[in-house]
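Taking it in order: structure first as structure tokens, then the write-up.
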Amino acid sequence: MEKIIIGLTGSLCSGKGTIASHLKDLGFHHQVLSDRIRDEIRSRGLEITRTLLQDVGNELRETYGGSILAERTALLLADIKGNIVIDGVRNPDEMIFLRDNFGAKIIGIDAPKEKRLEWYLQRAKDRGEDGTTIADFQKHDDRDSGIGETDLGQQVAKCLQMADTILWNTGSKVELFDECDLFLKKALDFDPEIHPSLKERK
């Protein structure tokens, strides 16, 4: 069976990490495009913040091309045995690169804005970021989706339009996972019920 590669895109705090964790439980190895940005920020001796992740990510795409984060991540894939999920696709060029070079399927995740705001504020609280406001969410959500961004910036709204499927995170985790598993079966002939997890393989 050929290696399956899935890219994840989605609105801010829509549940991308939840789906990534589910795929990891199904044996997928996990890569995050923004880790390449973190590597760049650390190399400059700077503190990692969400705004800086957005700024440096845009800078890298404008300097090296829209698919640079996917290209740098691709260098790590050859040594990985098994299926792979690549989290954090935020620009159509990244999506096109993954499809053209690896036959990747792109799963989009979205949820109602009021739920995403609720999860955003809860996540900030869990991280000890008690000063986080609704305005912070709106600013990052607008930028993430592509408002005020160039074509080489973050363009999640366009990525969602180009995704192979969109999972709507409006119910329970079980319902979200069932929706994901149905796509895996139909689009990739991958039956989650017969694939051991990484933990079971060890």
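Only Cα pairs under 8 Å and at least 6 apart count here; give the relative contact order of the chain as a rounded whole percent.
33 percent
Can you tell me the length gained on complete extension of the stretch Leu182 to Leu76, counting 0.36 nm per residue apart and subtracting the Cα distance?
Length difference between fully extended and current span is 35.3 nm.
Assuming R0 = 22 Å, what is the FRET efficiency of Thr170 and Asp100, from their Cβ-Cβ distance, to the nearest 0.05?
0.10
Using only helices, what value at 222 nm comes out for the chain when you add -39,500 (n - 2.57) per DSSP H run of length 4 or more and divide by the total residues, to the nearest 500 deg cm²/dmol?
-16500 deg cm²/dmol
Would you please put 67-80, 27-40 in order of how densely packed they are, using the mean number of other Cβ atoms within 10 angstrom per residue and starting with the highest?
27-40, 67-80
Gaussian network model of the chain, Cα springs within a sub-10 Å range: biggest mean-square fluctuation belongs to which of Leu52, Leu23, Leu117?
Looking only at Leu52, Leu23, Leu117, the biggest GNM fluctuation is shown by Leu52.
Would you look at the GNM of the chain, springs on alpha carbons closer than 10 Å, and say which of Leu12, Leu98, Leu46 moves the most?
Highest fluctuation among the options: Leu46.
Using Cα centres only, tell me the gap between region 1-24 and region 74-124 in whole Å.
Cα centroid to Cα centroid, the span is 6 Å.
Taking a spot 7 Å from the Cα of Arg50 along the direction of its beta carbon, which residues of region 78-106 have an amide N less than 18 Å from it?
Only 88-91 pass the distance filter.
Considering amide H positions built from the backbone, and no H for Pro or chain starts, which residues 5 or more places from Ala104, or on another chain, come under 5 Å of its amide H?
The answer is Arg99.
If the elastic network links every pair of Cα atoms under 10 Å, which of Thr18, Thr63, Thr165 fluctuates the most in the Gaussian network model of the chain?
Most flexible of the set in this elastic network: Thr63.
State to the nearest 20 debye the size of the charge dipole of the chain about its Cα centre, where the only charges are +1 on K and R beta carbons and -1 on D and E beta carbons.
380 debye
A short reminder: the numbers here are calculations on the coordinates, not readings from a lab. Computed from a predicted model, the values in this text were never measured in an experiment. When we count neighbours, we look across all protein chains shown, and the Cβ atoms used for this are built from the backbone with ideal geometry, even at glycine.
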